[in-house]
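Quick notes on the structure that follows.
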Amino acid sequence: MNNRIKPDVLHSEQFPRSNEYDPTWIFDNEMGPHPLWLAEYLTLAFDLKPGMRVLDLACGKGMTSVFLAREFVVQVYAVDLWDDPEEKWKNAKAFGVEHLICPIQADAKNLPFAQGFFDAIICINSFMYFGLDDAYLENILKFLRPGGQLGMIVTGFMKDVTNGVPEYLQRFLGDELWTWQTLPWYRNLWEKTGLVSINAADTLPNGCELWLRYDKALFESGKSRWSDESHYFLTDKGEYMGFIRLVATKK
């Protein structure tokens, strides 16, 4: 890797596990807000034990798969439709966890697994692209054993927007405006099925501030694919922008 980033640029007392990972590696594989911070917060609401089979759904280049394998010694099935399995395999080998990670290219709506195969299903900042319809929860739960845990963390609205989305936020989200929902909306989507019991339904503390910090560090490192977006976060101050966590147990 070239142009190494200072190791403390993403250091946070809030995320001690994530502090152990090289920011250069994170920036080189980035596809959105800090995936390891999100994974660390999400897994606080899980009960992961060594040897469990875990689906890391829509995992991109597999950074969160590496995190799950290293931190919890679970068997991770790293699934993504768009990113080459070679990228996930390369990252697994770089961290010495290739024996714990199985990289697979597959559609989140057409998964190649047996019913009840997984002990846990985890989805980091991607559920909003395929899981917003009423039927998806029932579909994904087929692959989870009874008593297994399903959890996601996604970008979303921190307050109701029925009276309209602020103009600056419309500009920031652009074509992805349709993917954002509120915590009550997501909770209702899962609860109304009667298929799960909700264990955690909340938002990441200081989510907008954390997102700003990561986005700014990424931009200043020269790794960002985007222009400086700091003004959106500074305008919002966490009023609307943040991260939603939802974790449930299959009945």
Reported set for the stretch 32-47 where residues are crowded, with 17+ Cβ neighbours inside 10 Å and in contact (Cβ under 8 Å) with a residue 40 or more places away in the chain is Pro33, His34, Pro35, Trp37, Leu38, Ala39, Tyr41, Leu42, Thr43, Ala45, Phe46
Taking Leu189, is it more than 22 Å from Tyr136 (Cβ to Cβ), surrounded by 13 or more Cβ atoms within 10 Å (Cβ to Cβ) and within 19 Å of the chain's Cα centre (by Cα)? no
Total residues in the stretch 37-76, condition in a helix (DSSP H, G or I), among the aromatic types (Phe, Trp, Tyr) and closer than 17 Å to Asp202 by Cβ: 2
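The rows are residues; the columns are (1) open to solvent by less than 10 Å² (accessible area, probe 1.4 Å); (2) free of Cβ contacts under 8 Å to residues at least 40 places away in the same chain.
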site	(1), (2)
Lys90	no, yes
Gly96	no, yes
Leu100	no, yes
Ile104	no, yes
Asp107	no, yes
Gln115	no, yes
Phe118	yes, no
Met128	yes, no
Leu132	no, no
Condition (residue is open to solvent by 60 Å² or more (accessible area, probe 1.4 Å), modelled with pLDDT of 95 or more, not polar (S, T, N, Q) and not in a helix (DSSP H, G or I)) applied to the stretch 213-234: is it met by at least one residue? no
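The values are calculated or read from the model by the stated rules, or taken from the named source; none is laboratory data. All figures in this text were calculated on a predicted structure; none of them were measured in a lab. Because the Cβ atoms are built from the backbone with ideal geometry, glycine has one as well, and the counts that use them run over all protein chains shown. Note: areas computed on protein heavy atoms with side chains; ligands, DNA, RNA excluded. Shrake-Rupley method; radii C 1.70, N 1.55, O 1.52, S 1.80 Å.
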